[in-house]
Amino acid sequence: MKRHLSKLLIFTIILMTAPSAFAKESEKKSSELAHEAKSAVLIERDTGKVMYDKNSHEKLPPASMTKVMTMLLIMEALDKGKIQMKDKVRTSEYAASMGGSQIFLEPGEEMTVEEMLKGIAIGSGNDASVAMAEHIAGSEEEFVKRMNEKAAELGLKDTSFKNTTGLPEEGHYSTAYDMSLMAKELLKYERITKFTGTYEDYLRENTDKKFWLVNTNRLIKFYPGVDGVKTGFTNEAKYCLTASAKKGNMRVIAVVFGASTPKERNTQITKMLDYAFSQYETHPMYKRNEVISELKVNKGRHQKINLVTSEPISLLTKKGENMESVKKEIKQKEDIHAPVKKGTELGTLVLKKDGKVLHESPLVAEKDMDKAGMWTLFKRTMTNWTKWSE
């Protein structure tokens, strides 16, 4: 009898301690995802939800990952029509003088915006980065000012830029978390992966100065679904990488700062990507630029304007979780007057389940809306007066 009681007691103790032991084992595995990095973070692109974090708010030199912001401002300028892919960009003496990684631009040499983007995204060209900065903003200094303004707009509290390239400079820093949000914003512009996801290409083709570009992000070739975003290395920063991968409906962003070798950097990123795709799933809700509602505009050329999603919208869950009964709520600004610029935030889309907010995302103007002319306003007034008098 005593023997049976002893066995029962031991079995009970095992059952009571097992969940704790399993939880600790799970925690241990999670903590080992980026154990060789100074800091790291793993997020889902559409929701921004953090799936893994290690010192992600520690300020560190980002090296060439700085070019994530450089590329973001380039893509923004393209999206707004301020520049075109086929525009010619002339290289200044200053841009050509950049050290570090480069595509060896010569003073006065011209390349298209598309070619410069290749040089930045694939070849990590410091010279191409500065040439594009000067083309868009007039000078690197002014472009850097815009980089910091964009960082503030995105709510990046632990980022400060001093140049467009990531070359070592006092006061130039970012964090793994901030870098993931920059990549999240950059990936709104889907055609950027045409550049960041290319493993090799050429510049100056059909000339005697043909230049071979090979992406320093080797995972593009060796990890299915990886299509970006940017590596980085300096003696101070060590080996860094902001990576993005897509599998099915799910896109994730993994960032590593301060790995000791390129191999370690890739290993940490691979572990994080494997973890994300094995444990989580994404439920797509809306595409970018999808029309959600209409909004009245006072004294506009048209009386209403479409509000569209500013980014792809998804919900993230652990695998197997039920996502039925999700409801949407639309919040719109009031008393809007023309003119309205395309992309102006005019509302919010809120997704809820059982009364709990799951996700909020800005709604923006689909197109520009000019002021109505005097004749149009007069006709509207007369139409309204006629209806009122009936």
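The values are calculated or read from the model by the stated rules, or taken from the named source; none is laboratory data. Since the structure is predicted, the reported quantities are computational estimates derived from the model, not experimental observations. Positions of Cβ are generated from backbone atoms using ideal geometry, with glycine treated the same way; all protein chains shown enter the neighbour counts.
Tabulated values for the structure
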read-out	value
Any pair with Cβ under 8 angstrom, 6 or more apart, that starts in segment 113-133 at a residue that is at pLDDT 95 or above and ends at one that is assigned to a helix (DSSP H, G or I) and of a type in the set (Phe, Trp, Tyr)	LEU117/PHE195; LYS118/PHE195; ILE120/PHE195; ALA121/PHE195; ILE122/PHE195; VAL130/TYR94; ALA133/PHE143
In segment 155-192, the residues that are under 22 Å from ILE103 (Cα atoms) and either assigned to a loop (DSSP other than H, G, I, E, B) or outside the structural domain of ALA259 (by TED's automatic domain parsing) (or both)	LYS162, ASN163, THR164, THR165, GLY166, LEU167, PRO168, GLU169
Residue in segment 71-92 that is surrounded by the fewest Cβ atoms within 10 Å (Cβ to Cβ), counting only those that are within 16 Å of GLY125 (Cβ to Cβ) and either small (Gly, Ala, Ser) or free of Cβ contacts under 8 Å to residues at least 60 places away in the same chain (or both)	ARG90
Filter pass, ASP335 being in contact with a Pro (Cβ under 7 Å, 6 or more places away or on another chain), at pLDDT below 95 and either assigned by TED's automatic domain parsing to the domain that holds GLU76 or surrounded by fewer than 16 Cβ atoms within 10 Å (Cβ to Cβ) (or both)	no
Failed criterion for ASN322 (all others in (1) under 25 Å from VAL252 (Cβ atoms); (2) touching a Gly at 6+ places or on another chain (Cβ under 8 Å) hold)	(2)
Wholly within segment 193-263, strands (runs of 3 or more DSSP E) carrying at least 1 residues that are under 15 Å from ASP274 (Cα atoms), modelled with pLDDT of 95 or more and in contact with a helix residue (DSSP H, G or I) (Cβ under 7 Å, 6 or more places away or on another chain)	226-234, 238-247, 250-259
Scan of segment 179-235 for residues that are crowded, with 19+ Cβ neighbours inside 10 Å, over 16 Å from the mean Cα position of the chain (by Cα) and among the polar types (S, T, N, Q), ordered by number	ASN215, ASN217
Selection status of GLU360, modelled with pLDDT of 90 or more and in a strand (DSSP E or B)	yes
Of residues in segment 78-112 being more than 13 Å from ALA128 (Cβ to Cβ) and touching a Phe, Trp or Tyr at 6+ places or on another chain (Cβ under 8 Å), the one modelled with the lowest pLDDT	ASP79
Residue list for segment 308-331, filter: assigned to a loop (DSSP other than H, G, I, E, B), surrounded by 11 or more Cβ atoms within 10 Å (Cβ to Cβ) and of a type in the set (D, E, K, R)	GLU311, GLU321
Scan of segment 217-234 for residues that are over 15 Å from MET71 (Cβ atoms) and in contact (Cβ under 8 Å) with a residue 60 or more places away in the chain, ordered by number	PHE233, THR234
Test result for LYS145, out of contact with any His (no Cβ under 9 Å at 6 or more places or on another chain) and either surrounded by fewer than 19 Cβ atoms within 10 Å (Cβ to Cβ) or not in a loop (DSSP other than H, G, I, E, B) (or both)	yes
Qualifying position, being surrounded by 12 or more Cβ atoms within 10 Å (Cβ to Cβ), touching a His at 6+ places or on another chain (Cβ under 9 Å), of a type outside the set (Gly, Ala, Ser) and not assigned by TED's automatic domain parsing to the domain that holds ILE43, among LYS342, LYS299, LYS304	LYS299
Scope segment 298-356; condition within 24 Å of GLU76 (Cβ to Cβ), more than 24 Å from the chain's Cα centre (by Cα) and of a type outside the set (Lys, Arg); matching residues	ILE305, ASN306, ILE336, ALA338, PRO339, VAL340
Matching entry among ILE292, ILE269, ILE313 (being within 21 Å of THR193 (Cα to Cα), out of contact with any Pro (no Cβ under 9 Å at 6 or more places or on another chain) and in contact (Cβ under 8 Å) with a residue 12 or more places away in the chain)	ILE269
Check on ALA131, assigned by TED's automatic domain parsing to the domain that holds MET250, surrounded by fewer than 18 Cβ atoms within 10 Å (Cβ to Cβ) and in contact with a Leu (Cβ under 7 Å, 6 or more places away or on another chain)	no
Qualifying position, being at pLDDT below 95 and either on the phi > 0 side of the Ramachandran plot or outside the structural domain of GLU44 (by TED's automatic domain parsing) (or both), among THR348, THR317	THR317
Qualifying positions in segment 130-150 - touching a Lys or Arg at 6+ places or on another chain (Cβ under 8 Å) and more than 14 Å from LYS82 (Cβ to Cβ)	ALA131, VAL144
